[in-house]
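Notes to accompany the following structure.
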Amino acid sequence: MYEAPIVGDRGTQLSGGQKQRIALARAMIKDPQILLLDEPTSALDPESETIVQQAIDKISMGRTTIVIAHRLATVRNAQTIVVLDRGSMVEVGNHHQLMENAGLYYNLVKLASEAVLKPVAKQNEIQKDAEFSAYEKSVHDVSRANNAYEISRSKYLKSMPGEDQVEEEKQKKQEKPRTYRLSEILNLQRPEFIVLLIGLTLGMHAGAILSIFPLILGQALKVYFDPETHKLKKEVGNLCLVLVGLGLGCIISMTGQQGFCGWAGAKLTKRVRGLLFQAILKQEPGWFDFDKNSTGILVSRLSIDCVSFRSVLGDRFSVLLMGLSSAAVGLGVSFFIEWRLTLLATALTPFTLGASYFSLLINVGPKVDNSSYAKASSIAASAVSNVRTVATFSTQEQIVQSFDRALSEPKKTSVRRSQILGLALGISQGAMYGAYTLTLWFGAYLVKQGHENLGDVCKIFLILVLSSFSVGQLAGLAPDTSMASNAIPAVFDVINRRPLIGNDHQKGKKIERSKPFDIEFKMVTFAYPSRPDVIVLRDFCLKVKGGSMVALVGGSGSGKSTVVWMVQRFYDPIQGKVLMAGMDLRELDLKWLRRQTALVGQEPALFAGTIRENIVFGNTNASWAEIEEAATEAYIHKFISGLPQGYETEV
C-alpha cells in the first residue's frame with residue numbers, strides 16, 4: 001500500500017527537487033514576462049536536477065530569462081553567457097565562443113576538467129560528462145558548505161570583541177534618544193476615544209472611593225473610643241452599610257474601568273500591530289540588511305513593543321489615573337479635617353512616596369539594555385531557524401557563548417544598578433516609616449493639646465498610609481513605562497518611514513505587453529546600503545534581448561545575484577540605469593514591474609498553508625485549471641495528486 005510522505009513544517013520533509021518544482025509552479029502561474037533563476041538546481045541531486053532542468057527549459061521558452069549558473073549543464077542552452085569578476089563583465093558569448101576565446105571561462109572549465117582526470121584514472125568506465133557533472137556538484141556542495149559555515153560564523157560569532165563592535169558601541173552612544181508625541185497615540189486611539197474616556201472616568205471614580213475607605217475606618221475607630229457606648233451598635237451598623245455601598249461602587253467602577261479600557265487597549269494594540277506589519281512589508285529589501293532590522297528584532301517589535309502603547313493610553317494608564325485620583329481626593333479630605341496635621345503629612349510626602357519611586361526605578365532598569373536583549377533574541381531566532389546548520393558544524397557551544405556575551409553587559413549593568421538602588425530603597429523605606437512615626441507623634445501632640453480628637457488623627461493617618469499604597473501600585477506600571485519610552489518611538493520610526501524604493505505616492509508608468517521585454521544595464525555602479533564601502537558592481541553594462549536566455553557565471557561575490565535583484569528593483573543603482581524596454585525601472589509602477597517578473601531561488605521558500613495556497617501565491621486570482629496546468633509544466637502535478645489531501649496538503 002502506498003504511504004504518502006509527510007510534508008512537515010515549511011516543507012522541511014519535501015525533497016529539494018519537490019520544493020523547487022512547487023516554486024517553479026508558483027512562478028509559472030504568474031505568467032511572467034521575465035524569468036529570474038538564481039542557481040535553481042545547485043542544491044539538487046542529479047535525478048532531481050534533470051527533472052527541474054527540463055521544467056526550466058520548458059517554461060523559459062518565449063520569456064526573457066536570466067539564470068545564475070554553477071553547472072555546465074545549465075549554461076549550455078543559454079544564448080548568451082556573461083562571465084562576471086569582481087562586479088565587472090569580463091567575457092560574453094555562448095559556450096563555444098567562450099571556449100574558443102580561451103579566456104576566464106575557458107580556464108574555469110579547464111580547471112574543472114583537469115580535476116576530474118584523477119578520478120577518471122581510477123574509474124575508466126565512467127563517462128566523462130557524468131564525471132564532470134559530478135565533480136561540479138561536489139565542488140559546489142563544498143562551496144555551499146563553506147559558505148554556510150562562514151554565514152553561521154558571521155551570524156553567531158559576530159559578538160566577538162573587535163573593531164566593528166567598538167565602532168558600533170560608539171555609534172550607539174552618539175545616537176540621540178528618540179521621543180514621541182502623545183497626539184500620535186491619540187490619533188491611533190481616536191475610534192475608541194469615547195469608550196476609553198468612560199473607562200478612565202470610572203478608574204478615577206474607583207480611586208476616589210479607595211480614598212474614602214480609610215475615612216470610614218477612622219470614623220469607626222472614633223466610634224469605638226466614644227464613651228457613649230449606647231450609640232455604638234447603631235453607628236457601627238451604619239458604617240458597615242456605607243462600606244458595603246463603597247464596595248459595590250468600587251466593584252462597578254473597577255469592572256467598567258478594566259472592561260472599557262482593556263477593550264480600548266486591545267484595539268489600539270491590534271491597530272498598531274497591523275500598521276507596523278504593513279509598514280515592515282512595504283520596506284525595501286535593503287532596509288532588512290541592517291542588523292537593527294533583523295528578524296528577531298522585528299518580531300520583538302510586533303509581539304512585545306506594540307503592547308507598550310497600552311501603558312500610555314489604555315487599561316494600564318487607567319491604573320495611573322486611579323492612583324492619582326486616590327491621592328488627590330485623600331489629600332483634599334485630610335485638609336478639610338485637620339489642616340495642620342495634613343500640612344505636616346504633605347511635607348513628608350516625598351519620604352512616604354520615596355519607596356514607591358525607588359521601586360519604580362528598580363523595575364524600570366537601564367534603558368540601554370533593550371538593544372542587547374534584542375541582539376540576544378536575534379541570535380536565538382537565527383539559531384533555531386538554522387538548527388540544521390548549527391548541528392552540522394557542531395557550533396552549539398559557540399552559539400550559546402555568543403548568546404551569553406550578548407547578555408553579559410545587561411547583567412553587569414543590572415548588578416551594579418541593583419546594589420545602588422537596593423541601598424537607596426532601604427534608606428527610603430526607613431524614611432517612610434520615620435515619616436509615619438512623626439505624623440503619629442504630631443497627631444498625639446494635637447490630641448494632648450485638645451486641638452484634635454483621636455478619631456480625626458486616625459482618619460488622616462489611614463488616608464495617608466492607604467493613599468501611599470495606592471500610589472505605590474504605580475510601581476507595577478514601571479516595566480511597561482520603561483518599555484514604552486524606547487519601544488513606542490521605535491515602532492513609530494518604522495510606521496512613519498517612507499521606503500527608499502517605491503512610488504506608491506506617485507503614479508508609475510506601465511509598458512504594454514506586446515512582446516518580451518529587453519533588459520539593459522547602462523554603466524551601473526552599486527554598493528549595498530549596509531556596506532557602502534564595498535562596490536559590488538562597477539560600470540556594469542549588459543543587454544538582454546527579449547525572449548532570450550542569458551546565463552551569469554562567476555565566483556562567489558562577483559555580483560551575479562545583485563544583477564537579478566536589481567531587475568526586480570530590490571535595489572537602485574548608485575550610478576547608471578537599469579532599463580526595461582528602454583524605460584528606466586525607477587519610472588515604472590513598482591507593483592506592475594514585479595508582477596512581470598518571477599524569481600526562483602536556490603532555496604525556495606514555502607509559506608505556512610497548503611500546496612495550493614503556495615502555488616497561487618504568484619497569482620491569487622488563478623483558477624483551478626491554471627493551478628494544475630502550472631503544476632504540470634513544473635513536473636509536480638503527479639506527486640501532488642498522490643498525496644492523501646492532494647493540493648490541500650499543509651506544508
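Using the Cα centre of the range 178-495 as the reference point, and only Cβ charges (+1 on K/R, -1 on D/E), how large is the resulting charge dipole? Debye, rounded to the nearest 20. Present the calculation step by step, with values, prior to reporting the outcome.
On the way: 27 positive and 19 negative charges, 57 e Å.
Dipole about the Cα centre, nearest 20: 280 debye.
R0 = 22 Å: FRET efficiency of Ile420 with Thr179, Cβ-based, nearest 0.05? Walk me through the intermediate numbers first.
Working: r = 26 Å, r/R0 = 1.20.
The value I calculate is 0.25.
Give, as a single signed number, the net charge of other residues whose beta carbon lies under 14 Å from the beta carbon of Ala55, with Lys and Arg counted +1 and Asp and Glu -1. Before the final figure, lay out the partial values.
Working: positive: Lys19, Arg21, Arg26, Lys58, Arg63, Lys638; negative: Glu47, Glu49, Asp57, Glu629, Glu633.
Summing Lys and Arg as +1 and Asp and Glu as -1 gives +1.
Under a Cβ-Cβ cut-off of 14 Å, what is the net charge of the residues other than Leu239 that fall near it, where Lys and Arg count +1 and Asp and Glu count -1?
On the way: positive: Lys222, Lys231, Lys233, Lys234, Lys459; negative: Asp226, Glu235.
My count for the surroundings of Leu239 gives +3.
Quick one: if the Förster radius is 45 Å, what FRET efficiency do Leu248 and Ile495 give, using the C-beta to C-beta distance and rounding to 0.05? Before the final figure, lay out each step's value.
Values: r = 43 Å, r/R0 = 0.96.
According to the calculation, E is roughly 0.55.
Find how much the distance from Val236 to Asn94 grows on full extension, using 0.36 nm per residue of separation minus their present alpha carbon separation; answer in nm with one decimal.
Extra length available between Val236 and Asn94 comes to 40.7 nm.
Under 8 Å for C-alpha pairs, at least 6 residues apart: give me the relative contact order for the range 178-495, rounded to a whole percent.
Values: 353 pairs, mean separation 107.5, N = 318.
It rounds to 34 percent for the range 178-495.
Extension gain Lys58-Asn77, at 0.36 nm per residue separation less the Cα-Cα distance, in nm? Let's see the in-between values first.
Working: separation 19, 0.36 × 19 = 6.84 nm, distance 1.18 nm.
Contour length minus Cα-Cα distance gives 5.7 nm.
Packing-wise, with mean Cβ within 10 Å as the measure, how do 55-64, 312-321 rank, highest first? All intermediate terms of the calculation are to be shown ahead of the outcome.
Numbers: 55-64: 17.8, 312-321: 22.8.
Ranked from most to least packed, the peptides come out as 312-321, 55-64.
At Asn293 and Glu512, where each label point lies 7 Å from the Cα along Cα→Cβ, what is the point-to-point distance in nanometres?
Here the answer is 3.8 nm between the modelled labels.
Please report, for the Cα atoms of the range 178-495, the Rg to one decimal and the Dmax as a whole number; what are they, in angstrom?
My reading of the Cα-based Rg and Dmax gives 25.6, 88 Å.
Gain in length, Trp592 to Lys638, computed as 0.36 nm per residue apart minus the alpha-carbon separation, to one decimal in nm? Kindly include the intermediate steps, with their values, before the conclusion.
On the way: separation 46, 0.36 × 46 = 16.56 nm, distance 3.25 nm.
Net length gain for the segment: 13.3 nm.
Extending each Cα 7 Å along its Cβ direction at Phe570 and Ile427, get the distance between those two points in nm, one decimal.
5.7
In Å, what Kirkwood hydrodynamic radius results for the range 254-299 from the alpha-carbon pair distances? Spell out each step's value before the answer.
Working: mean 1/r = 0.0792 Å⁻¹.
Roughly 12.6 Å, rounded to one decimal.
Within 14 Å, Cβ to Cβ, of Leu221, how many net charges do the neighbouring residues add up to if Lys/Arg are +1 and Asp/Glu are -1?
Result for the local shell: -2.
A short reminder: the numbers here are calculations on the coordinates, not readings from a lab. None of these values were measured; they are calculated from a predicted model. Positions of Cβ are generated from backbone atoms using ideal geometry, with glycine treated the same way; all protein chains shown enter the neighbour counts.
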